[in-house]
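What follows is a single structure, written as structure tokens, with notes after it.
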Amino acid sequence: MIVPSNNDAALNWDDCHPSTRICQPARNTSNVSSKQHGIFDAQTYFESAGVSTKVVQFESKQIVYCEGDAANGVMYIRKGGVKLTVVNGAGKEAVVTIFGPGDFFGEECITGETIRMRTASAITPTTLLIIEKNEMLRLLHREHEFSDRFIAHILARKLRAEEDLIDQLFNSSEKRLARTLLLLAPSGEHDSPQRVLPKFSQELLAEMIGTTRPRVNYFMNKFRRLGYIEYDTEIRIKKSLLRFVLQY
């Protein structure tokens, strides 16, 4: 077990990803533009390119779309989080994946799918930008910078899905919870000492990592005791939690 360290400045959030198990030393980025640093503000890009979008807000647990609904637009998460779920024939629901700020979802509509195959619902108060299907296709064909960024996003998400499967098969529920908290937390500023995310219910976290609520409660208290996180009305994630995930 790694002992929490006060030397959090030695790690750069933006250089570390819990699914890659690679961490590079922090570098001086004070003179680096956001484009060079890899940050892409899709909302600003939409506005500058005159893209027609619709802003919609959802409360926690509110349905964005249901399985069987018409697939007629792509969503971009400006704030909050969304989970995708499926239900089997016996009525048991399973979480397929979780999306956070800066993620696109619902892109199956541009691949020929006419109906939604999963249900999407907000897990916190969420603000979405909705890009109608034909507008999204126009963007991908005419705006090469956006097209490159969108393709990179989809490929990165595919890699994350593969890592999620490996995580589920081989890692303990403790480490799956730590990785999930890191993936859910917005990146924020690259030199920020911690990440902050809304306080999720332990039932939802248990559902996401495939364990029980008492186990999640035990690990959350353990993470707090070790100094990896702080939580009350929100969860504040320290860089020492990232070290815990990267230690193997």
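The values are calculated or read from the model by the stated rules, or taken from the named source; none is laboratory data. These numbers were taken from a predicted model, which means no experiment stands behind them. Glycine gets a Cβ as well: all are built from the backbone with ideal geometry, and neighbour counts include every protein chain shown.
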Which of (1) in a helix (DSSP H, G or I); (2) loosely packed, with under 15 Cβ neighbours inside 10 Å is the odd one out, the single condition Asp167 does not satisfy? (2)
Taking Glu143, is it farther than 29 Å from Leu226 by Cα and among the charged types (D, E, K, R)? yes
Residue hits (region 72-116; crowded, with 20+ Cβ neighbours inside 10 Å, in contact with a Gly (Cβ under 7 Å, 6 or more places away or on another chain) and closer than 14 Å to Leu128 by Cα) are Gly73, Val74, Met75, Ile77, Gly81, Phe99, Gly106
Could you list, in sequence order, the residues of region 198-223 that are in contact with a Pro (Cβ under 9 Å, 6 or more places away or on another chain), in a helix (DSSP H, G or I) and not hydrophobic (A, V, I, L, M, F, W, C)? Gln202
Name, by its number, the condition in (1) surrounded by fewer than 16 Cβ atoms within 10 Å (Cβ to Cβ); (2) under 19 Å from the mean Cα position of the chain (by Cα); (3) under 19 Å from Tyr65 (Cβ atoms); (4) modelled with pLDDT of 90 or more that does not hold for Ile151. (3)
Failed condition for Arg195, given (1) assigned to a helix (DSSP H, G or I); (2) closer than 22 Å to Tyr76 by Cα, with all others met? (1)
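Quick check on Glu108: is it at pLDDT 90 or above and either among the small types (Gly, Ala, Ser) or more than 28 Å from Glu234 (Cβ to Cβ) (or both)? If you could, list the steps in order and put the result at the bottom.
On the way: at pLDDT 90 or above: yes; either among the small types (Gly, Ala, Ser) or more than 28 Å from Glu234 (Cβ to Cβ) (or both): yes.
In short, yes.
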Which condition number in (1) in contact (Cβ under 8 Å) with a residue 40 or more places away in the chain; (2) closer than 25 Å to Phe170 by Cβ; (3) within 21 Å of the chain's Cα centre (by Cα) is the one that Gln202 fails? (1)
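Please list, ordered by residue number, the strands (runs of 3 or more DSSP E) wholly in region 74-144 having 1 or more residues that are touching a residue at least 40 places away in the same chain (Cβ under 8 Å) and more than 18 Å from Ala156 (Cα to Cα). Working first, answer last.
On the way: elements: 82-87, 93-99, 119-122, 126-132.
Passing ranges, in order: 93-99, 119-122, 126-132.
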